[in-house]
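The values are calculated or read from the model by the stated rules, or taken from the named source; none is laboratory data. Computed from a predicted model, the values in this text were never measured in an experiment. Cβ placement follows ideal geometry from the backbone for every residue including glycine, while neighbour counts extend to all protein chains displayed. All accessible areas refer to the heavy atoms of the entire protein, side chains included, with ligands and DNA or RNA removed. Shrake-Rupley method; radii C 1.70, N 1.55, O 1.52, S 1.80 Å.
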Amino acid sequence: MARKISGEATMEELKELEMLLMQFPELQYAFTIVEDIQAVNPVKGFTPEEESRLASEGLDRMNLFLQQSQDAPVIRTMAPWKIMAGVAAMVAVLLSVWALWPASPDRQAFRNEVVTKTGSKTSVILPDGTTVVLNACSRLQYDATRFLNGEREVGLTGEAYFDVKHDPAHPFIIRTGPVNIRVLGTVFNVKAYTEDATVETTLLSGKVEVSFPQGSNGQKVVQLQPDQKLVIANHKDQPVQDSKKANFSITPVKNITAGTVATPDAEKPTTAWINDRFDFDNVTFEQLSHDLERWYNVTLRFKNDRYKHEVFTGAFRKQGIEDVLQALQLMSGFHYEVNTKENVIYIW
């Protein structure tokens, strides 16, 4: 976009931009904004502090625009670097005219938020270069200004895969309910849905430190090694547990190789969702129902509570919800009915 309005784009780039605007019409409004301000002369003489502040505010406004113009983020075939390059170009143009664009007085301290809905996922590159992939029904919050100042902290509800940019001087902190995760640079997965009975942190490489409440003894701090998963009981809306009883467990991460309902490949079940694969290992049907609801955008209701406690292990890739239910039905013997009008599945 920036190269076109500056007259530097080649014919091939102009054709590519035209095709992208046709393929992703939601970007047309952003391009119109860029075109409208092309005649404004660049502001010169910024100090490094001013450039940092203006760049931060530009990122904030672009994130706000993308959030408002895109109801449900979806996975697209467009390369991530192209999307980020387009956003970066727009931020560069906005930076030159920021003095003419007054800030909103009710904006909440440059707060940024990315949300995914049921049946969708999206990827985000944070200001420090950290890559985050959000699973369905997830929310990531961060502050671009603080990131640019070295305060790398995010809030998470739901599930996300993190590839954290290495920076020993500035720890990366994830806050999800009462659980805090501190890293310097690593790859890991966090699953922390409010409706789930547990909060799970799976480390794939590097090192993380997780702190969380432990009974009446205050905070418990656990350091994970690669290929370890920490499962913490989520005791929301429940009385404080016996302080002598551990509310967490650490288990090795394993590939599902036996007892599956579909042929798996060599992927870790914890992060297989990134590649559109739905894996589950030794979970109850009630726990599994939450993932099925988020994954397939349906509602599951049990008419017979006995099936809530059935335990399953399996793997699926791109099968429909009825294919999944039929495979599970062979293992358990339950019945189900799909109400397409209300998008509800009844289990009995």
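If you count, for each residue, the other Cβ atoms within 10 Å and average over each peptide, how do 310-316, 183-189, 331-337 line up from highest to lowest? Could you put the intermediate results ahead of the total?
Details: 310-316: 18.9, 183-189: 20.9, 331-337: 13.1.
Going by the mean number of other Cβ atoms within 10 Å, highest first, we get 183-189, 310-316, 331-337.
Which of rounded, prolate or oblate describes segment 131-202 when judged by the alpha-carbon gyration tensor and an a/c cut-off of 1.5?
Prolate, because a/c is 1.5 or more and a/b exceeds b/c.
Provide the per residue accessible area, probe 1.4 Å, for segment 278-348, rounded to a whole number of square angstrom.
With the other protein chains kept in place, segment 278-348 gives 53 Å² per residue.
With a 1.4 Å probe and every protein chain kept in, tell me what percent of the accessible surface of segment 164-203 is carbon plus sulfur.
With neighbouring chains kept in place, the figure for segment 164-203 is 57 percent.
Kindly list the residues of segment 196-223 that lie in the label zone of S332, defined by a backbone N under 18 Å from the point 7 Å along the Cα-to-C-beta vector.
196-198
Measuring from label point to label point, each 7 Å out along Cα→Cβ, what is the E195 to Y346 span in nm?
Roughly 1.9 nm, to one decimal.
Would you mind checking which residues have amide H under 5 Å from V253's amide H? H placed 1.01 Å from N; only 5 or more apart, or other chain.
Those lying under 5 Å, H to H, from V253 are Q228, K229.
Among the listed pairs K4/K165; K121/K308; K191/K229; K117/K303, which are separated by more than 21 Å between their Cα atoms?
In this structure, K4/K165; K121/K308; K117/K303 exceed 21 Å between Cα atoms.
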